[in-house]
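Notes follow the structure.
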Amino acid sequence: MIFDFRFWRYLANQQELIDNLGSSNMRDFKKRAWMVGFFGLLLFVVQELWGMNTQHITSVYALGGKDSFAIARLVSLAGIIIWAVLYLSFHFFGIAFLLNKITGIELSKLAVLQLYVVGILLLEKALLFFIFMMLGMTTPVSLFSFGPLAATVFDHPFLVFFFNQLSIFTALIIALQVRFIRSFTDMNPRMIVIIIIAIHIVMALITATVGILPLEEWFLRVVEGGTPQ
C-alpha cells in the first residue's frame, strides 16, 4: 500500500503516521521536506533583515561609515544563510543518522521523525520572532525556555545559555522522539528516554559553549580589518 505524506495532517495524528510507516510505502515526503527547509531558510533570512541578533555590527557604522556597514550587513546575511543550512541539516540529517546508529531503525523512518523535530523548532523560532516584532525589541533568551528564570538565579552566561536551550518545545520534541522510536524498536523504553534526554543535554552544552565565545569580537576584527581607527 502507498500513503501520501502530509506534514500538517500527521503533525496532529502521529499514531496514524507511525501505523502507516509500519505497513505502507510513503510518497511526497521529499517535496514536504524541501518545503520545510525553504520555510526555515526564509525565517532565518527575515530575522536577519529585520535586525534580530545583528547588534554586533552596530558599532561598524560608527567606526567605518556606510560602506563598512553595508559590507558588514552582507557578511552577516551570508553568515546567517550558512548557519541556517548547517542548523537545518544537522537536526534533519545529523540527528537522524545518530539515532539510526543507536537504535537500528531505518534511516527513512527517522528522517520523517526529524522533519517534525525541525518543524517544531522552526515553529518556536517563528512564534518568538512574531512576539519580538510586536514588542519592537528582542531578548537574548527565549520566552519559552528556562533561560529567563536562569538569568535571575545564575550570574554565569554559560548556565543561562544552557537553560535557554531547554524549553517547552524541547519537552514536546523529546516526547515525540521517544514515542516514535518506541514504535519501531524493542529497546528498553527507559533506555530510550535516557538516550534522547542525553542527546538534548549534550546539544545544549555545545550551544552554551558556543554562546560564550567572543564571536562578536572576532566578527568585528574581520569586518574592521581595513577600517581606519
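Ordering W50, W8 from largest to smallest accessible area (1.4 angstrom probe), what's the sequence?
These residues rank, largest area first, as W8, W50.
Rank these by accessible area, largest first, 1.4 Å probe: M203, M137.
So, going from the largest accessible area down, we get M137, M203.
At 1.4 Å probe size, with the rest of the protein present, what percent of the exposed accessible area of the chain is carbon and sulfur atoms?
Here carbon and sulfur together make up 68 percent of the probe-accessible area.
Would you mind working out the accessible area per residue for the chain, using a 1.4 Å probe, and quoting it in Å²?
Per-residue value: 58 Å².
Quick check: with the 1.4 Å probe, what order do R6, R27, R32 take by accessible area, largest first?
Sorted descending by solvent-accessible area, the residues read R27, R6, R32.
Can you figure out the FRET efficiency of N25 with M191, using R₀ = 30 Å and their beta-carbon distance, to the nearest 0.05?
For R0 = 30 Å, the calculated efficiency reads 0.50.
Subtract the Cα-Cα distance of D4 and L205 from 0.36 nm times their separation in residues, and report this length gain in nm to one decimal.
So the chain would gain 68.6 nm between D4 and L205.
Using 0.36 nm times the number of residues separating V45 and S89, minus their current alpha carbon distance, what extension gain do you get?
Length gained, V45 through S89: 14.2 nm.
So for the pair V153, L172, with labels modelled 7 Å out along Cα→Cβ, what separation do we get in nm?
Those two pseudo-labels are separated by 2.3 nm.
The values are calculated or read from the model by the stated rules, or taken from the named source; none is laboratory data. Please read these numbers as outputs of a predicted model, since none were measured by experiment. We place every Cβ from the backbone using ideal geometry, glycine too, and count neighbours over all the protein chains shown. Keep in mind that these areas ignore ligands, DNA and RNA; they rest on the heavy atoms of the full protein, side chains included. Shrake-Rupley method; radii C 1.70, N 1.55, O 1.52, S 1.80 Å.
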